[in-house]
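Report on the structure given below.
The values are calculated or read from the model by the stated rules, or taken from the named source; none is laboratory data. All figures in this text were calculated on a predicted structure; none of them were measured in a lab. Note that we place each Cβ from the backbone using ideal geometry, even for glycine, and neighbour counts take in every protein chain shown.
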Amino acid sequence: MDERFDCIIVGGGPAGLAAAMTLARADARFLLVERGEWSGAKNVSGGVLWGRDLARLVPNYWEEEDAGWERFVNHRRLTFMDDGASFSLDFKSDHFNTPPYTGLTVLRSRFDAWLAGKVDEVLEESEHGESLLATDILVEEVIKENDKVTGIRAGGEEFFADCVILAEGVNNLLTRQVGLQTDYVPAEGLAVGVKEVIRFEESVLRDRFQLGERSGMSNEFVGYASDGVEGGGFLYTNRDSVSIGLVLGMADLRKAGKKPYDLLNQFKTHPTVADAIRGGEVLEYNAKVVSTGDMRVMPKEIYADGVLVAGEAANLVLNAGRAIQGMDYAMRSGILAAETVVEAKKVQDFSEAFLQHYRTALDNSYVMQDLRGFQQAVQVLHSPAMFQQVPRLVCDFGREFFTVDNKPTKKAYQILRDVRKEHIGYWDLIKLGSRAARAL
Amino acid sequence: MSENVNTLSIAERLGKVAYRNQGRTEAKPHILVETDICNTTCPHKCTTYVCPANCYTLDEVGKVHFQFEDCIECGTCMYACDQGAVTWRYPDPEDGRGVNWNMG
């Protein structure tokens, strides 16, 4: 093929599709190459798509009956666990009920495919019709000429473009090939996610979790969930299933010598979790490497001559204790990368110097502001006390505070003082508390 | 311990994964593992427990064996192995193995 594109996008996930949508609307000529049989066939998330960026890509997506998302989140819960108890912070609010929603549960095989369909719709309406979403093709190599990226090699053929957007996901082999990421990325700063999708009758699911027609719950778990390994658990409600899983710090898992699927079984048999998922049928088991938001493992740079890196290929994921964000970052970075390409096309300058505008735009967006601003939080949340002593302390407090057994009752502060002594030194708790207060 | 909770073995879990090119008698491996390194100098053999698809196993004399057929393409082994034994690539859509997620 000797056609030439304005841009080649590698990867048809949220980052790549957001870039494609942006280019399609700007009438730029692009080729998106996805290695899965369809967009989403290779993709896994927890997953909640947080924030409102989807509405930038698909305005009024909530009016569409068969849109690719599962439920909007109007009920959030953070649960601390020890081996027998759970203590939750629980927040439900009707302000979450108004679109554009701020959280959507998704199953990626469906969601990404739907989003790809939306890009195709825009392409069909556009006059040029020369852009293309190509699936089932693996990009083997990025082509460089005189240190500038000029195209890709895929399926034995070469394709050329003014620039390439790498949206290949966390296992960013091409980002490494072009020299933006080191060849070996160490386990520190990455996590392993394992998950099951468990099906229920929709009426059972709605009754059990008090869900409306399309409203849903997100629940994160700290403590026993990960059995002392850095990380935590999650449970999200889909239309007629729940996604339940763990995200485990990879280096810590290696040190602990534990198997992720054993920990998942243990999590599922915790009395609180067992009650929530009783009677469901496991539909699928998934695993995925997850970036943790630790900027030390990010690529050295996210642009070079003729190339831009977006989404989790740039390790744009953050868990700062409020939400595990990544798909929203992917979309925003994809949009900003594509906007930079559109500008570059106007002046016919795809050099490193011009593509730096992408870096500036991302730096000025919430994505990099949050990633930078919450680096301390990432470190605090990785400290063993946060997933070991603190959840146990909280559960011991709850056990005593909520138990009425016709003995003289202790005041809350006495209970707190007593359980604190059992689990953590006074000064250690003060230090952790003040660190967390500043960081979170 | 509560009743009726569907804890699954890893074999049962992998039984719920849709793999590509199942009909092919021989798929092309996408991950190469120098098990010589695992079996001589590696101090932890961590892939035998961190791999979410149990693709790395220990035999009765403690030797590491690798099979790619059950791989669900997560990438864990390429980061967890700090001994340089794992060369990780994506499976070829045409003649490789790998997954087709139905949920994801």
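Is it the case that the range A:287-305 has a residue that's among the hydrophobic types (A, V, I, L, M, F, W, C), in a helix (DSSP H, G or I) and more than 21 Å from A:GLY179 (Cα to Cα)?
Step one: filter the range A:287-305 for residues among the hydrophobic types (A, V, I, L, M, F, W, C), giving A:287, A:289-290, A:295, A:297-298, A:302, A:304.
Checking which are in a helix (DSSP H, G or I) leaves us with A:295, A:297.
Restricting the remaining residues to those that are more than 21 Å from A:GLY179 (Cα to Cα) gives none.
No, that holds for no residue.
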Counting only residues that are surrounded by fewer than 19 Cβ atoms within 10 Å (Cβ to Cβ) and either small (Gly, Ala, Ser) or at the interface with chain A (Cβ under 10 Å from one of its Cβ atoms) (or both), the range B:55-74 contains a total of 1
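Do any strands (runs of 3 or more DSSP E) lying entirely in the range A:101-168 carry at least 3 residues that are surrounded by fewer than 23 Cβ atoms within 10 Å (Cβ to Cβ) and not assigned by TED's automatic domain parsing to the domain that holds A:SER215, and which ones are they? Give the derivation first.
Values: elements: A:103-106, A:132-134, A:139-145, A:148-154, A:157-166.
Fully inside the range A:101-168 and qualifying: A:132-134, A:139-145, A:148-154, A:157-166.
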Could you grab me the full set of residues in the range A:395-419 that are surrounded by 13 or more Cβ atoms within 10 Å (Cβ to Cβ) and more than 19 Å from A:ASP83 (Cβ to Cβ)? A:THR409, A:LYS410, A:ILE415, A:LEU416, A:ASP418
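Tell me yes or no: at least one residue of the range B:75-83 is modelled with pLDDT of 95 or more, within 14 Å of another protein chain (Cβ to nearest Cβ), over 18 Å from A:LYS288 (Cβ atoms) and in contact with a Cys (Cβ under 6 Å, 6 or more places away or on another chain). Walk me through how you get there before you give the answer.
First, pick out the residues of the range B:75-83 that are modelled with pLDDT of 95 or more: B:75-83.
Restricting the remaining residues to those that are within 14 Å of another protein chain (Cβ to nearest Cβ) gives B:75-83.
Narrowing further to those that are over 18 Å from A:LYS288 (Cβ atoms): B:82-83.
Still in the running and in contact with a Cys (Cβ under 6 Å, 6 or more places away or on another chain): B:83.
Yes - at least one qualifying residue is present in the range B:75-83.
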Can you find a residue that is surrounded by fewer than 23 Cβ atoms within 10 Å (Cβ to Cβ), in a helix (DSSP H, G or I) and either touching a Pro at 6+ places or on another chain (Cβ under 8 Å) or not charged (D, E, K, R) (or both) anywhere in the range A:309-327? no
When you go through A:GLY155, A:GLY103, A:GLY117 one by one, which is the residue that is out of contact with any Lys or Arg (no Cβ under 7 Å at 6 or more places or on another chain) and at positive phi? A:GLY155
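With the condition kept exactly as written, say whether any residue in the range A:88-100 is buried (at least 23 other Cβ atoms within 10 Å of the Cβ) and either out of contact with any His (no Cβ under 6 Å at 6 or more places or on another chain) or in the same structural domain as A:GLU422 (by TED's automatic domain parsing) (or both). Spell out how you get there, then give the answer.
Quick first cut of the range A:88-100, residues buried (at least 23 other Cβ atoms within 10 Å of the Cβ) only: none.
Checked the range A:88-100: no residue is buried (at least 23 other Cβ atoms within 10 Å of the Cβ) and either out of contact with any His (no Cβ under 6 Å at 6 or more places or on another chain) or in the same structural domain as A:GLU422 (by TED's automatic domain parsing) (or both).
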Taking the conditions exactly as written (of a type in the set (Val, Ile, Thr) and either over 25 Å from B:ASN100 (Cβ atoms) or at pLDDT below 95 (or both)), does A:VAL142 satisfy them or not? yes
Only one of (1) more than 10 Å from chain A (Cβ to nearest Cβ); (2) within 20 Å of A:ASN172 (Cα to Cα); (3) in a loop (DSSP other than H, G, I, E, B) is not met by B:PRO52, so which one is it? (1)
If I ask for residues that are facing chain B (nearest Cβ under 10 Å), touching a helix residue (DSSP H, G or I) at 6+ places or on another chain (Cβ under 9 Å), surrounded by 21 or more Cβ atoms within 10 Å (Cβ to Cβ) and not acidic (Asp, Glu), which ones from the range A:175-198 would you list? A:VAL185, A:ALA187, A:GLY189, A:LEU190, A:ALA191, A:VAL192, A:GLY193, A:VAL194, A:LYS195, A:ILE198
Can you name the number of the only condition in (1) more than 7 Å from chain A (Cβ to nearest Cβ); (2) among the β-branched types (Val, Ile, Thr); (3) under 24 Å from B:GLU12 (Cα atoms) that B:VAL86 fails? (3)
Of all residues in the range B:95-104 being touching a residue at least 40 places away in the same chain (Cβ under 8 Å) and within 8 Å of chain A (Cβ to nearest Cβ), which is farthest from A:ASN171 (Cα to Cα)? B:ASN102
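Conditions tested, residue by residue: (1) over 23 Å from A:LEU253 (Cβ atoms); (2) in contact (Cβ under 8 Å) with a residue 24 or more places away in the chain; (3) not β-branched (Val, Ile, Thr).
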{"position": "B:THR41", "(1), (2), (3)": "no, yes, no"}
{"position": "B:THR57", "(1), (2), (3)": "no, no, no"}
{"position": "B:GLU69", "(1), (2), (3)": "yes, yes, yes"}
{"position": "B:GLY84", "(1), (2), (3)": "no, yes, yes"}
Answer with yes or no whether A:ALA344 is touching a His at 6+ places or on another chain (Cβ under 9 Å), outside the structural domain of A:ARG420 (by TED's automatic domain parsing) and in contact (Cβ under 8 Å) with a residue 60 or more places away in the chain. yes
With the requirement that a residue be in a loop (DSSP other than H, G, I, E, B) and either aromatic (Phe, Trp, Tyr) or buried (at least 21 other Cβ atoms within 10 Å of the Cβ) (or both), what does the range A:59-74 give you? A:GLY68
Please go through the range A:173-196 and give me each residue that is in a loop (DSSP other than H, G, I, E, B) and in contact with a strand residue (DSSP E or B) (Cβ under 7 Å, 6 or more places away or on another chain), ordered by number. A:VAL178, A:LEU180
Taking the condition part of a strand (DSSP E or B), away from chain B (no Cβ under 14 Å) and free of Cβ contacts under 8 Å to residues at least 24 places away in the same chain, does A:LEU89 pass? yes
Expected single match for touching a His at 6+ places or on another chain (Cβ under 9 Å), surrounded by fewer than 24 Cβ atoms within 10 Å (Cβ to Cβ) and more than 8 Å from chain B (Cβ to nearest Cβ) among A:ASP262, A:ASP294 is A:ASP294
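Kindly establish whether B:THR25 is over 16 Å from the mean Cα position of the chain (by Cα), more than 8 Å from chain A (Cβ to nearest Cβ) and modelled with pLDDT under 95.
Working: over 16 Å from the mean Cα position of the chain (by Cα): yes; more than 8 Å from chain A (Cβ to nearest Cβ): yes; modelled with pLDDT under 95: yes.
Yes; evaluated as a whole, the condition is true for this residue.
Every residue, every condition in (1) under 19 Å from B:VAL17 (Cβ atoms); (2) among the charged types (D, E, K, R); (3) out of contact with any Pro (no Cβ under 6 Å at 6 or more places or on another chain), yes or no:
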residue: B:VAL50; (1), (2), (3): yes, no, yes
residue: B:ALA80; (1), (2), (3): no, no, yes
residue: B:ASP92; (1), (2), (3): yes, yes, yes
residue: B:ARG97; (1), (2), (3): yes, yes, no
